[in-house]
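The structure under discussion appears below in the form of structure tokens.
The values are calculated or read from the model by the stated rules, or taken from the named source; none is laboratory data. Fair warning: this is a prediction, and the values are worked out from it, not measured in the lab. Neighbour counts run over all protein chains shown; Cβ positions are idealised from the backbone, glycine included.
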Amino acid sequence: MKKVIFSILAASVMMPAMAQEAKTAPAPVTKKYNYTRDPDLSRWVIDLNLLGGGMKQDLTTGTSTSGYLNAISQNTNIGKLSFDKGSSLGFDAQLGYFFGPGCHWGVGAGFMYLSQTGNLNLDKYHVEYQATDAAGAIYRQHITGNNMAEWTKSTNINIPLMLKYKYRFSKAFGFTADAGPMFNMQMKNVSQNNGNFDYEAIYKYSLTSGGDGSPYTYDASPVPGSTSELITRAAMLNYNPNVDLNAEFQKQKAAGYNVGLGQTPAVDKSTVSYTTGSVGFLLRPQLSWYLSDHVALNFGAYYMYQSFKNNNVANYTFMNTKMEYSSSLNNVSSSNVSSFGGNVGVRFLFGKLRDTDEDGIPDKKDKCPEVWGLEQFQGCPDTDKDGIQDSEDSCRTIPGIAKFNGCPDSDGDGIPDKDDECPYQAGPASLKGCPDRDGDGIADKNDLCPDKPGLAQYKGCPDTDSDGIPDNEDQCPEVAGPASNNGCPLPPPPVVEIPLSTPILFETNKTIVQETSKPVLETAIKTLKDDPNAIIIIHGHADARGTNQYNMKLSLRRALSVKKQLISMGADGKRIKVMAHGEKDPVASNKTAEGMAENRRAVMRLNVE
């Protein structure tokens, strides 16, 4: 950037217009905003967030009873599992980088820890399977769940890869958002069973002992046989509706049978870890409160989705004969977790603020952020090094003086070169610094006659003969003449004589001589003047309309009218004679209007005596 600026300045110095203001010189920037905008902030950020809210799980469970030996499927229901009262709490830390000219978009990665709790509810749990008691006797074990509420706590560790967005719209506030995938690295569930169970048993006598010497065998029939001993709630009530079930079951348990009502698990806690990794999604919009250009607090909401798989569902047993509890999560083949809530975070923007022109002055403090400048001028340049910054220098590429805002006065006439139309010749301010040798008020550079006083309308040249043509364009400057003859007088016009015998035409039944006949009359006057012995005879004629007698008189009057006109022009009447011809001697046909117009005439002829 520096090399480019210096190259432009060097070229400007060599230009002929070096005394004028450089058109390409950088202008100072007027800050539109009173805060540091995103392009000028640090591109690197560290985000620390605390998030908490609710959670939901969509659970898919296995249906296999293979974990129970010889389970009687018709009488076995491993239960329907549901989830409620979910909550989520966690934190994450991310390193982010914003790119592009606007620095609004970025990417980030980091670490997230989540702790999520809730209740698992197992409805209608009941199993019947083959078991062996402490004495080695084979029997059918019944287990029925009551109030099956299971509290669970899940912890998981994720690596978020986020697409980030931020926009600072005022000094104090802005908007930011994260969106992208999360890669789960570990999922651990700790559960505690808060329910209780009814343990019942069925013994079936065997006529012959088995290979193990037991007098009992396994009753696999959905409906126990008549030879079976039933230690069950239903059997006792059927035998005696008023029986004290709890006391009776305690009695049977004391006798060595594995039975009891409302039994709590001997082991009521369980740990489940999902070994299959998963990919989730996080969306987190937030409002930013900027404490400074380097620290902002973020407040907003989040939505997160995670999907987990469990490959160890086979051979699952929720409760066994020894009253050992195994979490129902062990029977979950997939879990889709949605969590949502509020987020509070802090963002640290670290590193240097943007310095576009690399002059060591951040753009937020640089009045000329696009051009390399000096600290003493708040980042603006002093191109001509005259001690006046370009933003206040009217001639940024030529050294000048403060009096003229950085412009020089080369001719010392008190007018800065930028306002001086003749910067190297002294002249008055009234003529914008240009001289006037002839003192006619017109600057020499605009004066076509700079050594001779003249008029502004003729660009400083005089008009001696006042013919409207300046002397420098007048070929006859001392004698007036028209512009068409380059200011010289016109020669007299040539005399054009009209023949004396040219007919003088009249209108129908008229004797008035028209103005158009004046040239032939002038010829007659000149003829009489040139030859004192000349006599002119005027012959009058008429067209064929009217009687011959009338036409004869009309032609006479026409001849007399021409004679009268000549006398008025100075002719001697004694030297003019008239003759009437009436309609005789036509020169054209009287059958057409054009012919009759030619016959209505008077013709002068010369008679020399």
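Is one or more of the residues making up the stretch 151-167 under 28 Å from Ser88 (Cβ atoms), modelled with pLDDT of 90 or more, among the basic types (Lys, Arg) and assigned by TED's automatic domain parsing to the domain that holds Gly86?
yes
Quick check on the stretch 285-315: of everything there that is in a strand (DSSP E or B) and small (Gly, Ala, Ser), which residue is surrounded by the most Cβ atoms within 10 Å (Cβ to Cβ)? Quick ask: steps written out before the conclusion?
To start, the set of residues in the stretch 285-315 that are in a strand (DSSP E or B) comprises 285-290, 295-309.
Filter again for small (Gly, Ala, Ser), leaving 288, 296, 300-301, 307.
Values: Ser288: 21, Ala296: 26, Gly300: 19, Ala301: 14, Ser307: 16.
It comes out as Ala296.
Suppose the filter is within 60 Å of the chain's Cα centre (by Cα), over 30 Å from Glu522 (Cβ atoms) and in a loop (DSSP other than H, G, I, E, B); does Cys449 pass it?
So Cys449 fits the description; yes.
Examine the stretch 474-496 for a residue that is of a type in the set (Asp, Glu), surrounded by 14 or more Cβ atoms within 10 Å (Cβ to Cβ) and modelled with pLDDT under 85, and state whether such a residue exists. Explain how you work it out, then say what you get.
To start, the set of residues in the stretch 474-496 that are of a type in the set (Asp, Glu) comprises 474, 478.
The next check asks that each one be surrounded by 14 or more Cβ atoms within 10 Å (Cβ to Cβ); those that pass are 474.
Imposing the further condition that a residue be modelled with pLDDT under 85 reduces the set to 474.
Yes.
Filter the stretch 286-307 down to residues that are under 22 Å from Val337 (Cβ atoms) and of a type in the set (A, V, I, L, M) and give me whichever is farthest from the chain's Cα centre (by Cα).
Met304
Mind telling me which of the residues Gln425, Gln389 ends up being polar (S, T, N, Q) and within 18 Å of Pro450 (Cα to Cα)?
The unique qualifying residue is Gln425.
Of all residues in the stretch 562-590, how many are hydrophobic (A, V, I, L, M, F, W, C) and either surrounded by 15 or more Cβ atoms within 10 Å (Cβ to Cβ) or part of a strand (DSSP E or B) (or both)?
Here the count works out to 7.
Among strands (runs of 3 or more DSSP E) lying entirely in the stretch 34-148, which contain 2 or more residues that are surrounded by 15 or more Cβ atoms within 10 Å (Cβ to Cβ), within 55 Å of the chain's Cα centre (by Cα) and hydrophobic (A, V, I, L, M, F, W, C)?
So the answer is 44-61, 80-99, 105-123.
Here are the criteria: (1) in contact (Cβ under 8 Å) with a residue 40 or more places away in the chain; (2) over 30 Å from Lys253 (Cβ atoms). Tell me which single one Gly100 does not satisfy.
With (1) in contact (Cβ under 8 Å) with a residue 40 or more places away in the chain; (2) over 30 Å from Lys253 (Cβ atoms) applied to Gly100, the lone miss is (1).
Among the candidates Leu69, Leu81, Leu89, which residue alone is touching a Gly at 6+ places or on another chain (Cβ under 8 Å) and either touching a residue at least 60 places away in the same chain (Cβ under 8 Å) or of a type outside the set (Lys, Arg) (or both)?
Numbers: Leu69 fails: touching a Gly at 6+ places or on another chain (Cβ under 8 Å); Leu81 fails: touching a Gly at 6+ places or on another chain (Cβ under 8 Å).
Exactly one residue qualifies, and that residue is Leu89.
For the stretch 390-397, indicate whether the set of residues that are more than 55 Å from the chain's Cα centre (by Cα), modelled with pLDDT of 85 or more and over 30 Å from Leu490 (Cβ atoms) is non-empty. Walk me through it before giving the result.
Of the stretch 390-397, the ones more than 55 Å from the chain's Cα centre (by Cα) are none.
No, that holds for no residue.
From the list Ile498, Ile442, Ile469, Ile512, which residue is in the same structural domain as Leu556 (by TED's automatic domain parsing), among the β-branched types (Val, Ile, Thr) and out of contact with any strand residue (DSSP E or B) (no Cβ under 8 Å at 6 or more places or on another chain)?
Working: Ile498 fails: in the same structural domain as Leu556 (by TED's automatic domain parsing); Ile442 fails: in the same structural domain as Leu556 (by TED's automatic domain parsing); Ile469 fails: in the same structural domain as Leu556 (by TED's automatic domain parsing).
Residue meeting the stated conditions: Ile512.
Just checking, does the stretch 533-544 include any residue being modelled with pLDDT under 95, of a type outside the set (Val, Ile, Thr), surrounded by fewer than 17 Cβ atoms within 10 Å (Cβ to Cβ) and closer than 14 Å to Arg601 by Cα?
yes
Just for the stretch 414-446: of the residues that are among the charged types (D, E, K, R) and part of a loop (DSSP other than H, G, I, E, B), which one is farthest from Ser484 (Cα to Cα)? First the steps, then the outcome.
Going residue by residue through the stretch 414-446, those that are among the charged types (D, E, K, R) are 417-421, 432, 436-438, 440, 444-445.
Okay, now just the ones that are also part of a loop (DSSP other than H, G, I, E, B), so 420-421, 432, 436-438, 440.
Details: Asp420: 40, Glu421: 37, Lys432: 37, Asp436: 32, Arg437: 32, Asp438: 30, Asp440: 28 Å.
Result: Asp420.
Based on what the data block shows, is Gly439 among the small types (Gly, Ala, Ser) and surrounded by fewer than 12 Cβ atoms within 10 Å (Cβ to Cβ)? Explain how you work it out, then say what you get.
On the way: among the small types (Gly, Ala, Ser): yes; surrounded by fewer than 12 Cβ atoms within 10 Å (Cβ to Cβ): yes.
So Gly439 fits the description; yes.
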